[in-house]
Amino acid sequence: MTPSREDAVPGAGSPGQPAWELLLPAVGAPPRKRGRALQEALREAVRAGRLASGTRLPSTRELAADLGVSRGLVTEAYEQLTAEGYLRSDRGSGTWVGGAARSAVRGARDLARGVPGVRVDFRPGTPDLSLFPRAAWGTAQRSVLARLPHPALGYPDPRGLPELRQALAAMLARRRGVVADPERLVVCSGVAQASTLLGFVLRARGLDAIGVEDPGSPEHGRLFASTGVDTVWLPLDDEGLRPEALADSGVRAVVVTPSHQFPSGISWSAERRAALLDWARTVDGYVLEDDYDGDFRYDRAPVGALQGLDPERVVYTSSVSKSLAPGLRLGWMLVPAELLDEVVERKRTMDLGNPVLDQAVLAEFVTRGGYDRQLRRCQRAYRERRDALLAALAEHLPGTRVSGIAAGLHVIARVPGRFGPPERFLSRTAEAGVALRHLEEYGTARPSDGDVRLVVGYAHLSPSSIVTGVRLAAEAVGAVTRGR
């Protein structure tokens with residue numbers, strides 16, 4: 001006896017609900033699209049579990065009669081979904097829902113950095129994204145789309161578009177004092193990809209460890225670890241890496257931020273720069289220079305990049321993440337001749353090159369002077385915000401000392417121990433909705449004098465928000481101070 005339609009589809013919806021009710025919206029599609037709509041409705045019902053594994057479906061004749069469509073339409077839908085694995089058909093015993101399909105997770109989570117309940121976020125590393133030059137960027141996009149030849153939309157040179165490499169090389173030589181050969185410039189997805197590329201190349205050459213500054217960015221360690229390269233923390237003093245620690249480390253490659261060290265804010269002395277290069281030549285090693293914010297100096301002209309002193313030992317990297325927006329994922333690296341072929345081949349196998357349109361727009365933006373104008377605009381805004389931060393700290397947290405050169409997008413603020421201890425300071429300010437980072441998060445050194453050393457980012461905040469955030473932090477720790 002053939003089961004009734006109600007018995008044939010247990011779990012299809014409410015008790016006793018026939019299968020055809022799940023498919024009625026598909027039947028309402030235009031005639032030419034009805035077959036595809038019916039297939040998609042059945043497919044989605046299986047994926048979502050409304051038609052459970054093992055459910056027997058009505059015959060093609062019965063379902064066609066219920067839906068008011070041709071039997072051929074239903075037969076075609078059954079055959080297509082059987083071929084895809086959603087249904088199974090046993091000759092003489094009907095069609096059943098197969099067991100291969102699993103419900104897909106619906107919705108998309110946002111894993112971008114964020115802290116709920118924060119009123120003022122002083123964490124470093126983000127520029128003011130409201131300064132992104134939307135109008136000028138849009139003009140460059142329209143210009144590029146109008147003139148870009150069709151063949152240019154194919155797979156690009158893995159090093160990057162020639163016009164972008166030429167534009168960047170000229171700009172970097174002029175602004176950062178690097179030795180910039182366009183043939184040795186590789187466009188990449190920011191400094192993160194540049195570091196990863198170098199890690200793979202060094203690992204293939206037998207180097208299994210790389211030195212990183214202490215304190216320094218934790219991201220360097222994570223990036224190199226992904227390539228199989230360990231990191232060795234190397235201590236800093238007020239002039240740069242300590243030469244004796246570097247010599248004793250046994251590494252043959254290091255990552256440094258000499259123009260504006262992150263996070264301490266110092267600029268390496270000329271003596272330490274020379275000593276680092278002497279070390280690299282002696283051990284036949286390499287230096288990865290992360291020039292993450294070298295354009296932003298507020299009291300004098302920026303110190304030139306280290307790479308200009310020895311382009312065969314220094315891999316120079318930078319990006320538009322601080323000057324335009326990190327979401328563009330556009331950066332570059334200048335590679336020593338000995339490493340170039342290996343880096344380019346690794347870049348080719350990693351992603352076949354960066355998006356052509358984005359590269360062409362950046363080339364247009366740089367060539368037409370838009371990038372220089374953007375840097376000047378950011379320079380004015382960030383200098384004003386740094387001044388606002390220093391004034392607010394002096395007023396609301398008296399005795400706080402700010403160290404490092406007048407540059408970049410963050411400062412080191414050393415808050416007197418009477419507002420601490422550090423754990424309580426950070427706990428109370430977090431409760432007040434102020435997000436702060438402790439210097440201890442960036443290395444292995446642990447100061448013991450009781451002061452609270454903070455890495456305070458300010459570039460992404462308006463002057464009024466900076467003042468509000470410092471005031472809220474001061475009120476939070478002031479209440480603790482009075483209660484002790």
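The values are calculated or read from the model by the stated rules, or taken from the named source; none is laboratory data. This structure is a prediction, so every number in the text was calculated from the model and none was measured. Counting neighbours? That spans all protein chains shown, and the Cβs are built from the backbone with ideal geometry, glycine included. The accessibility values were calculated without ligands, DNA or RNA, using every heavy atom of the protein model including side chains. Shrake-Rupley method; radii C 1.70, N 1.55, O 1.52, S 1.80 Å.
Data table
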{"read-out": "Residue check for A65: more than 14 Å from A26 (Cα to Cα), free of Cβ contacts under 8 Å to residues at least 24 places away in the same chain and open to solvent by 40 Å² or more (accessible area, probe 1.4 Å)", "value": "yes"}
{"read-out": "Considering residues of segment 12-49 that are surrounded by 17 or more Cβ atoms within 10 Å (Cβ to Cβ) and either among the aromatic types (F, W, Y) or in a loop (DSSP other than H, G, I, E, B) (or both) only, the residue modelled with the lowest pLDDT", "value": "A12"}
{"read-out": "Yes/no for G160 being open to solvent by 40 Å² or more (accessible area, probe 1.4 Å) and either at positive phi or of a type in the set (S, T, Y) (or both)", "value": "no"}
{"read-out": "Residue match in segment 218-239 (condition: out of contact with any helix residue (DSSP H, G or I) (no Cβ under 6 Å at 6 or more places or on another chain), within 21 Å of G331 (Cα to Cα), crowded, with 22+ Cβ neighbours inside 10 Å and at pLDDT 95 or above)", "value": "no"}
{"read-out": "Selection count where residues are of a type outside the set (S, T, Y) and either assigned to a strand (DSSP E or B) or open to solvent by 30 Å² or more (accessible area, probe 1.4 Å) (or both), scope segment 182-209", "value": "15"}
{"read-out": "Every residue from segment 281-297 that is modelled with pLDDT of 95 or more and surrounded by fewer than 20 Cβ atoms within 10 Å (Cβ to Cβ)", "value": "R281, T282, V283, D284, G285"}
{"read-out": "Which listed residue is touching a Pro at 6+ places or on another chain (Cβ under 9 Å) and on the phi > 0 side of the Ramachandran plot, from G107, G94, G68", "value": "G94"}
{"read-out": "Lone unmet requirement of (1) in contact (Cβ under 8 Å) with a residue 60 or more places away in the chain; (2) open to solvent by 30 Å² or more (accessible area, probe 1.4 Å); (3) at positive phi; (4) small (G, A, S) for S143", "value": "(3)"}
{"read-out": "Qualifying positions in segment 157-181 - part of a helix (DSSP H, G or I) and not small (G, A, S)", "value": "P162, E163, L164, R165, Q166, L168, M171, L172, R174, R175, R176"}
{"read-out": "Every residue from segment 210-249 that is of a type in the set (G, A, S), within 21 Å of the chain's Cα centre (by Cα) and not in a helix (DSSP H, G or I)", "value": "G216, S217, S226, G228"}
{"read-out": "Identity of the residue in segment 95-105, assigned to a loop (DSSP other than H, G, I, E, B) and either open to solvent by less than 70 Å² (accessible area, probe 1.4 Å) or within 25 Å of Y382 (Cα to Cα) (or both), that ends up modelled with the lowest pLDDT", "value": "A101"}
{"read-out": "Unmet requirement for E441, which otherwise passes all of (1) over 22 Å from S321 (Cβ atoms); (2) modelled with pLDDT under 95; (3) not in a loop (DSSP other than H, G, I, E, B)", "value": "(1)"}
{"read-out": "Cβ pairs under 9 Å, 6+ apart, first in segment 172-188 and within 17 Å of G304 (Cβ to Cβ) and modelled with pLDDT of 95 or more, second among the hydroxyl-bearing types (S, T, Y) and not in a loop (DSSP other than H, G, I, E, B)", "value": "L172/Y316; L172/S318; R176/Y316; R176/S318; V178/Y316; V179/Y316; A180/Y316"}
{"read-out": "Selected residue (criterion: surrounded by the fewest Cβ atoms within 10 Å (Cβ to Cβ)) from residues of segment 268-278 that are within 32 Å of the chain's Cα centre (by Cα) and outside any loop (DSSP other than H, G, I, E, B)", "value": "L277"}
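The rows are residues; the columns are (1) closer than 15 Å to Q359 by Cα; (2) part of a helix (DSSP H, G or I).
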site: G107; (1), (2): no, no
site: A112; (1), (2): no, no
site: V118; (1), (2): no, no
site: S130; (1), (2): no, yes
site: A135; (1), (2): no, yes
site: T139; (1), (2): yes, yes
site: S143; (1), (2): yes, yes
